[in-house]
Amino acid sequence: MGSSGLILQALAAEAAAFAGLFYLDDGLAQLVTYMTLHALACGLLTPVLLRLLPARYRGSPRRAAAFLFTIQFAIPFIGSLGVALGVLLALYLPRSTRELPWQEIDIPELPYRPIDTELQMFYSEGGLQQVLRDAADPEKRLKALIATRQMDSREAIVILRQALRDKTDDVRLLAYSMLEQKEKTLSHQIIRLQDALRTASDEQGLILQRRLAQLWWEMAYLGLAQGGLQRHYLENARATLLRLVDRRPRHGDYHLLGRVHLQLGQLDDARAAFEQAQALNAPPAKIQPYLAEVAFLQRDFANVRHHLSACPSTVRDAGIESLKQAWL
């Protein structure tokens with residue numbers, strides 16, 4: 001049967017359903033008659049609407065037919081008309097204008113000359129050292145020194161010390177002033193802590209001494225002190241840390257003490273301090289690399305492999321990972 005015949009039969013069934021609502025006296029009979037005839041009308045119109053669906057929506061005919069029948073049946077009186085107008089017209093007449101998720105731009109012209117790579121700043125130790133060594137323009141070398149403010153302090157100080165040998169006075173003066181500023185900042189903190197220790201309680205004294213040992217270590221580790229002065233700071237840090245671990249053993253103090261011993265070349269004492277830190281439940285990732293370094297300096301290569309293999313694989317550190325790849 002053609003679509004026109006199905007439509008006429010559906011309209012007749014829907015009209016009969018409406019008539020039953022007005023001419024039947026029994027309420028239950030009205031409901032049953034209407035539901036039956038309305039379902040028949042929806043069933044007759046479903047194949048017609050199914051043929052009108054776009055091809056991409058007819059991949060699963062049974063599901064599409066069930067969907068169309070359900071929508072018609074669930075909306076009394078105007079269900080079929082609503083599906084025809086609301087669904088089919090929306091599918092065949094989509095929005096004429098759409099919001100594009102991108103913006104079209106013209107293809108840019110090629111630059112008329114190559115980009116000067118020397119104008120690009122390289123914020124890494126190697127890049128800034130190369131600028132200081134090779135850049136002919138003093139302005140570029142000054143910018144390289146200013147860029148060290150964004151770097152790790154130890155790497156920055158290496159570059160600043162290199163700049164002290166620059167042939168231009170302005171570059172040397174800037175490097176010297178930046179180094180002096182860093183040293184003064186730490187020196188003033190050390191002086192304030194020493195003054196506070198004179199009036200501090202016993203508990204506060206432990207906290208102040210711990211911070212003082214860290215500052216002395218930092219002065220030496222960063223390279224702000226050289227030669228005999230550097231050793232003086234390391235000895236002060238060692239003596240303070242020994243007093244601290246004697247009073248209240250903590251793995252953080254033993255860890256720093258081991259680094260101080262290592263810097264002083266006292267390898268046996270360094271290993272003992274790191275082992276004490278390990279015994280006090282210091283994280284293995286914090287201790288094992290230093291034990292491996294001590295073993296390497298003592299030419300105990302079997303223990304180097306042992307300590308590197310004990311480093312947790314969950315801790316991602318590029319330096320440790322490269323060492324493990326080289327040794328294991």
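The values are calculated or read from the model by the stated rules, or taken from the named source; none is laboratory data. Model, not experiment: these values are computed from the prediction. Cβ sites come from the backbone with ideal geometry, for glycine too, and all protein chains shown count toward neighbours. These accessible areas exclude ligands, DNA and RNA; they are computed on the full protein's heavy atoms, side chains included. Shrake-Rupley method; radii C 1.70, N 1.55, O 1.52, S 1.80 Å.
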- Inside the range 197-227, the number of residues satisfying the requirement of being farther than 23 Å from T148 by Cβ and open to solvent by 70 Å² or more (accessible area, probe 1.4 Å) is 7
- Message: Regarding the range 180-188, can at least one residue be identified that is in a helix (DSSP H, G or I), among the charged types (D, E, K, R) and in contact with a helix residue (DSSP H, G or I) (Cβ under 9 Å, 6 or more places away or on another chain)?
- Response: yes
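Before we move on, is Q276 of a type outside the set (K, R), open to solvent by 60 Å² or more (accessible area, probe 1.4 Å) and closer than 17 Å to R154 by Cβ?
On the way: of a type outside the set (K, R): yes; open to solvent by 60 Å² or more (accessible area, probe 1.4 Å): yes; closer than 17 Å to R154 by Cβ: no.
No.
Scan the range 165-196 for residues that are of a type in the set (A, V, I, L, M) and either under 30 Å from D137 (Cα atoms) or open to solvent by 50 Å² or more (accessible area, probe 1.4 Å) (or both) and jot them down. If you could, list the steps in order and put the result at the bottom.
Here is the first cut: in the range 165-196, the ones of a type in the set (A, V, I, L, M) are 171, 173-175, 178-179, 186, 190-191, 193, 196.
Scanning the range 165-196 gives V171, L173, L174, A175, M178, L179, I191.
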- Please indicate, with yes or no, whether at least one residue in the range 223-243 is polar (S, T, N, Q), within 31 Å of the chain's Cα centre (by Cα) and in a helix (DSSP H, G or I). no
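Looking at the structure I just gave you, is R299 farther than 27 Å from L215 by Cα, exposed (fewer than 15 other Cβ atoms within 10 Å of the Cβ), out of contact with any helix residue (DSSP H, G or I) (no Cβ under 6 Å at 6 or more places or on another chain) and modelled with pLDDT of 90 or more?
Details: farther than 27 Å from L215 by Cα: yes; exposed (fewer than 15 other Cβ atoms within 10 Å of the Cβ): yes; out of contact with any helix residue (DSSP H, G or I) (no Cβ under 6 Å at 6 or more places or on another chain): yes; modelled with pLDDT of 90 or more: yes.
Spelling it out, R299 is indeed farther than 27 Å from L215 by Cα, exposed (fewer than 15 other Cβ atoms within 10 Å of the Cβ), out of contact with any helix residue (DSSP H, G or I) (no Cβ under 6 Å at 6 or more places or on another chain) and modelled with pLDDT of 90 or more.
Would you confirm, using the coordinates I've provided, whether A16 is open to solvent by less than 50 Å² (accessible area, probe 1.4 Å), over 60 Å from the mean Cα position of the chain (by Cα) and at pLDDT 75 or above?
Details: open to solvent by less than 50 Å² (accessible area, probe 1.4 Å): yes; over 60 Å from the mean Cα position of the chain (by Cα): yes; at pLDDT 75 or above: yes.
Considered against the rule, which asks whether it is open to solvent by less than 50 Å² (accessible area, probe 1.4 Å), over 60 Å from the mean Cα position of the chain (by Cα) and at pLDDT 75 or above, A16 comes out as yes.
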- Please go through the range 280-309 and pick out each residue that is in a loop (DSSP other than H, G, I, E, B) and within 27 Å of the chain's Cα centre (by Cα). A282, P283
- Please find, within the range 34-90, the residue that is modelled with the lowest pLDDT out of those that are open to solvent by 80 Å² or more (accessible area, probe 1.4 Å) and closer than 12 Å to A17 by Cβ. F77
- Message: Which numbered condition in (1) without any contact (Cβ under 8 Å) to a residue 40 or more places away in the chain; (2) open to solvent by 40 Å² or more (accessible area, probe 1.4 Å); (3) among the aromatic types (F, W, Y) is the only one that Y233 fails?
- Response: (2)
